[in-house]
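**Student:** Handing you this structure, nothing more for now.
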Amino acid sequence: MVREGLAVTAAVLTAVAAAGCSGDGPEQAKPEKSFYVSLGDSLSVGVQPDGKGGFGETKEGYTDALYRSLNDRDSALRHERMGCGGEDTSTFARGGMQGCEYPAGSQLAEAEKFLRENRGRVDLVTVDIGGNNFTGCAYDDNGEVATDIDRSCVQEGLERAEEELPAIAERLRSAAGDDVQIIGMTYYNPFLAALLLEDVNQALEGGGGTSEDLARYADGVLTDLNSTLTKAYGAQDIDVADVSAAFDSGNFDVPAGSEGDVPANVAKICDFTWMCDVAQGPDIHTNAAGAREIAGVFEAEVRR
């Protein structure tokens, strides 16, 4: 009986070894990877001024900051980064933006293809689109912030957003399915910094206007765009990261104790973008602090 017991024990140990087990217990299966898909314009790919008057993509955008935080909780999560600098609602949906070429023809079509092919494996989609519908209306031929905004250009951009954003939201929801969380965002107003740009102030005063007029006009435009974004996303059960609120975009009050009587919204633009940096800017893109701020607004909306 003792010999039989020893024989059985030896057989069991041999089988365990053959199965690749160790004294620490069975080997754990690797979790199947899942995806965080980020879509959008230059903010989504961390575009930053390069110090030479140009721009370049970096790994310091808000989507990268958000992914790092999400990956800390789920190491199997992968970041599918599809954004492209310069995209507006029209090029996002139909293609045609130089430097933003996609095999499927447009960023939206590429996203639809990926989402459908990876049904059940996508945890989150984020998107920022619409800000470029009229940013070109705010610059002169030298690439400087214009003192005479092309308001007909702005209006045309807003009308395109009203027409195209609902279709974009609907297509994303259809491709992702009902169970995938999608989060869009509202925009901050970089042109509030006109209140502090001396050359802009001088030019405006020479033309009979004021920097406050320009800042408040820009605030009204962003309010209209953000309203369109929120409505379009809400209709498709897409959550909204309210970046405009986080940047105090509509708050022209001067906080108590503020140095230089700087309004709250202007201070946030200076803190979170390159608009007040005379060495690198003015540039509308977020700096590292701004990217982290936007990532935090998105993360607060992520379903646990």
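FYI, it's all coordinate maths here, none of it is from the lab. None of the values given here were measured: they were computed from a predicted structure. Positions of Cβ are backbone-derived with ideal geometry, glycine not excepted, and every protein chain shown enters the neighbour counts.
**Student:** Please go through the residue pairs K59/K231; K33/K231; K52/K268; K231/K268; K33/K113 and name each one whose alpha carbons sit more than 27 Å apart in this structure.
**Tutor:** K59/K231; K33/K231
**Student:** Let me ask something else. Among V262, V180, V37, what is the fewest-to-most ranking by other Cβ atoms within 10 Å?
**Tutor:** With the sparsest Cβ surroundings first, the list reads V262, V180, V37.
**Student:** From the residues A169, N287, F247, which one has its Cα farthest along the dipole of segment 32-301 in the positive direction, the dipole being from +1 and -1 charges on Cβ of Lys/Arg and Asp/Glu about the Cα centre?
**Tutor:** The residue sitting farthest along the positive end of the dipole is A169.
**Student:** Using the 10 angstrom Cβ neighbour count as an exposure proxy, how do L214, L77, L192 rank, fewest first?
**Tutor:** Ordered from fewest to most neighbouring Cβ atoms within 10 Å, L214, L77, L192 come out as L77, L214, L192.
**Student:** Follow-up question, since we're still on this one. Mind putting together the pair-distance distribution for segment 97-137? All Cα pairs, 10 Å bins, whole percent per bin, short to long.
**Tutor:** Histogram of Cα-Cα distances, whole percents per bin: 22, 44, 27, 7, 0.
**Student:** Label points 7 Å out from Cα along the Cβ direction at D178 and D277: separation in nm?
**Tutor:** In this crude spin-label approximation the distance works out to 4.6 nm.
**Student:** Could I ask something else about it? List every residue whose amide H lies under 5 Å from the amide H of S34, counting only residues 5 or more places away in sequence or on a different chain, with H placed 1.01 Å from N in the peptide plane.
**Tutor:** Those qualifying (amide H under 5 Å, at least 5 residues apart or on another chain) are L77, R78.
**Student:** For segment 32-301, with only Lys/Arg (+1) and Asp/Glu (-1) charged at the beta-carbon, what is the dipole magnitude about the Cα centre, in debye rounded to 20?
**Tutor:** Once rounded to the nearest 20, the dipole reads 1040 debye.
**Student:** Right, here's the next one. Kindly put D178, D224, D213 in sequence by how many other C-beta atoms sit within 10 Å of each C-beta, fewest to most. It would help to have the intermediate numbers written out before the result.
**Tutor:** On the way: D178 8, D224 15, D213 12.
Lowest count first: D178, D213, D224.
**Student:** Compute the length gained on full extension between D242 and E259: take 0.36 nm times their separation in residues and subtract their Cα-Cα distance, giving the result in nm to one decimal.
**Tutor:** Between D242 and E259, full extension yields 3.4 nm more.
**Student:** Want the number for S69 to R304: 0.36 nm per residue separation, take away the alpha-carbon distance, what's left?
**Tutor:** Extending this stretch completely gives an extra 83.3 nm.
**Student:** Also, quick follow-up: Rank by packing, highest mean first: peptides 123-136, 237-250, 271-284, with packing defined as the count of other Cβ atoms within 10 Å averaged across residues.
**Tutor:** Most protected by this proxy first, the peptides run 123-136, 237-250, 271-284.
**Student:** Per residue of segment 270-277, in order, report the coupling 6.51 cos²θ - 1.76 cosθ + 1.60 (Karplus, θ = phi - 60°) as ³J(HN,Hα) in whole Hz, putting x for Gly and Pro.
**Tutor:** Karplus-based 3J(HN,Hα) across segment 270-277 equals 5, 6, 10, 9, 9, 5, 9, 8 Hz.
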